[in-house]
Structures are given as C-alpha cells and as structure tokens.
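So the structure is just underneath, and the comments pick up after that.
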Amino acid sequence: MARYTLIVGTKEWSSWSLRAYLAMRALDVAFEEIVVPLRRAGTTDAIRPYSAAGRVPILKISEHGAEHTIWDSLAICETLAERHPNAKLWPDDPFRRAEARAYAAEMHSGFPDLRDQLSMEFVRTLPLPELRETTAAQIARILEAWTHALEHHSDQRGFLFGGFSIADCMYAPVVSRFRTYGVELPDAVQAYCERMWALPAMRDWAAAAQAEIESGLA
Ligand SMILES: N[C@@H](CCC(=O)N[C@@H](CS)C(=O)NCC(=O)O)C(=O)O
C-alpha cells in the first residue's frame, strides 16, 4: 500500500500548497503532512532536501520499496486523480473534463497581478488596495469564468463542475483572497465562495493558519 507525505508551506500564505492539500483531502486516504515555514532566510534550504526545485507543495509517494517525488501543485492534483479515479477529481464527461482542465491551467499559468497585489493571507482580513487595471481585469475574468461554470457545468452539489474537482482546488486560494480583501461578488459567486469556505478541509486549513498567526509563525 502506498504511503503519502505532503510537504506544504506556512498555511496562512502558501496558496500553491492549499491546492494540493485540498486534492489530497478529497481522497479517502491517510497522509502525513510536513509544514515548512515560508518567508524565512532558510526557507529554500529547508525545502531542497525534499525536492531540488525548492518549491512547495511536494508529494512523496512511497510504494513497493521506492520513493517518488512529485513537485508542483497541478502535477500533484493530476497524479492523485489518476491514482484515485473513484474520487472523481475530474468530471466524467470528456468535454466537461477538458474545460475543467482549461480552468485549472488558466489559474496555474495566469493571474499574476491578482496573485501579486492580493497575496494570500488565509484567515486575516485586510483592506482592499487600489487595484491596478490589470488586477481588476484578472478579477473580472475569474468572475466571468466562475459564473459561466456555475451556470453551465454545476449542479445541486454547487461546485464549479458539479462535484468538487481539481478546478475548485486550483481556485480555492482566490476564494480566500476575495474574502480577505472584501472583493464585491455577484450572488451566485458569493454562494460558491461560502460553500468552498465551509468545506471541512478549508476549515482545518484555516484553524492551522490561525494557530500559525497566534504562534508568530505567520
Ligand atoms: N508552480 C508551482 C509554484 C510553487 C510555489 O511557488 N510555491 C511557493 C509557496 S506558495 C514556494 O515554494 N516558495 C518558496 C519560497 O518562498 O522560498 C506549483 O504550482 O506548485
């Protein structure tokens, strides 16, 4: 049987780690977690023993006497989807799945101004800064994409593509950013964000982030 270890960064800040964590939590499997403190002089040195890329998240899979390393949030999500088809981390329908993948890829490779100007502070609430035009345009694009998915691909389960999928994992840090900075949202998107925020895995991540703040780690 495989043994999973997920290496993540400080939960208040590590948006890429949150994505892999949510995918992991969507499976019915135990995993060990290691948290590496970010924004420290020694952060890269602390990550490199786990992966030469020096970035979190990292998934270690020990199986049949060998240890495999997967770095990068989307590669981890894809690997988990492949290894655990019953968890349905991607939609069944091929075109829906293709679209969900495009959503995930758009997040993975895009929205640099949003990520830069509204950095993830998972449980803190902060004033909304004056948005650059590019940031405002990226927020508008996300709202358009989510509204489209919720109208055309969602169902009574209420996630972007019906059941919880990797598309939701990839956008979860944006849900948190919208909450942190009080971004005004259309009703359907607000309801989606509330559903995401209420997920047990999101609540657990929030509790850990709060503990980091209280202990001075974040
Ligand atoms: N594209 C990568 C990005 C990973 C990334 O940039 N992670 C940040 C933390 S959220 C990191 O490891 N930073 C290292 C550092 O701050 O030194 C992924 O999707 O996993």
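Would you please list the contacts, defined by Cβ atoms under 9 Å and residues six or more apart or on different chains, that run from a residue in the range 157-184 that is over 15 Å from residue 122 (Cβ atoms) to a residue that is of a type in the set (A, V, I, L, M, F, W, C) and assigned to a strand (DSSP E or B)?
These pairs meet every condition: 165/159; 167/159; 168/159.
Quick one: would you say residue 168 is modelled with pLDDT of 95 or more and out of contact with any strand residue (DSSP E or B) (no Cβ under 8 Å at 6 or more places or on another chain)? Break it down stepwise before answering.
Numbers: modelled with pLDDT of 95 or more: yes; out of contact with any strand residue (DSSP E or B) (no Cβ under 8 Å at 6 or more places or on another chain): no.
Spelling it out, it is not the case that residue 168 is modelled with pLDDT of 95 or more and out of contact with any strand residue (DSSP E or B) (no Cβ under 8 Å at 6 or more places or on another chain).
With outside any helix (DSSP H, G or I), away from the ligand (no atom under 16 Å from the Cβ), modelled with pLDDT of 95 or more and not assigned by TED's automatic domain parsing to the domain that holds residue 55 as the only criterion, which of 150, 126 stands out? Don't jump to the end; show me each part of the working.
On the way: 150 fails: outside any helix (DSSP H, G or I).
Exactly one of 150, 126 is outside any helix (DSSP H, G or I), away from the ligand (no atom under 16 Å from the Cβ), modelled with pLDDT of 95 or more and not assigned by TED's automatic domain parsing to the domain that holds residue 55, namely 126.
Name every residue in the range 49-72 that is near the ligand (Cβ under 10 Å from one of its atoms) and either farther than 28 Å from residue 168 by Cβ or among the hydroxyl-bearing types (Ser, Thr, Tyr) (or both), in order of residue number.
51, the sole residue that qualifies.
State which residue is nearest to the ligand (Cβ to nearest atom) when the search covers only the range 20-38 and only residues that are over 16 Å from the mean Cα position of the chain (by Cα) and either surrounded by 12 or more Cβ atoms within 10 Å (Cβ to Cβ) or without any contact (Cβ under 8 Å) to a residue 24 or more places away in the chain (or both).
First, pick out the residues of the range 20-38 that are over 16 Å from the mean Cα position of the chain (by Cα): 28-32, 34, 36-38.
Restricting the remaining residues to those that are either surrounded by 12 or more Cβ atoms within 10 Å (Cβ to Cβ) or without any contact (Cβ under 8 Å) to a residue 24 or more places away in the chain (or both) gives 29, 31, 34, 36-38.
Details: 29: 20, 31: 17, 34: 13, 36: 8, 37: 10, 38: 5 Å.
Checking each candidate, the answer is 38.
Being more than 18 Å from residue 18 (Cα to Cα) and either loosely packed, with under 13 Cβ neighbours inside 10 Å or hydroxyl-bearing (Ser, Thr, Tyr) (or both) is true for just one of 73, 62. Which residue is that? Lay out the reasoning, then the answer.
Working: 73 fails: more than 18 Å from residue 18 (Cα to Cα).
Of the residues listed, the single one that is more than 18 Å from residue 18 (Cα to Cα) and either loosely packed, with under 13 Cβ neighbours inside 10 Å or hydroxyl-bearing (Ser, Thr, Tyr) (or both) is 62.
Report yes if some residue within the range 156-170 is more than 15 Å from the chain's Cα centre (by Cα), assigned to a helix (DSSP H, G or I) and surrounded by 21 or more Cβ atoms within 10 Å (Cβ to Cβ); otherwise report no. Walk me through how you get there before you give the answer.
Initially, the range 156-170 is screened for residues more than 15 Å from the chain's Cα centre (by Cα), giving 156-158, 161-163.
Next cut, assigned to a helix (DSSP H, G or I) only: none.
No, the range 156-170 has no match at all.
Given the condition more than 23 Å from residue 9 (Cβ to Cβ), surrounded by 18 or more Cβ atoms within 10 Å (Cβ to Cβ) and touching a strand residue (DSSP E or B) at 6+ places or on another chain (Cβ under 9 Å), answer yes or no: does some residue in the range 100-109 qualify?
no
Identify, from the list 98, 105, 46, 75, the residue that is within 16 Å of the ligand (Cβ to nearest atom), more than 21 Å from residue 33 (Cα to Cα) and among the small types (Gly, Ala, Ser).
Values: 98 fails: within 16 Å of the ligand (Cβ to nearest atom); 46 fails: more than 21 Å from residue 33 (Cα to Cα); 75 fails: more than 21 Å from residue 33 (Cα to Cα).
Of 98, 105, 46, 75, the one residue that is within 16 Å of the ligand (Cβ to nearest atom), more than 21 Å from residue 33 (Cα to Cα) and among the small types (Gly, Ala, Ser) is 105.
The values are calculated or read from the model by the stated rules, or taken from the named source; none is laboratory data. Not measured: the values here are computed from a predicted model. A quick note on method: Cβ atoms are made from the backbone with ideal geometry, for glycine too, and the neighbour counts reach across all protein chains shown.
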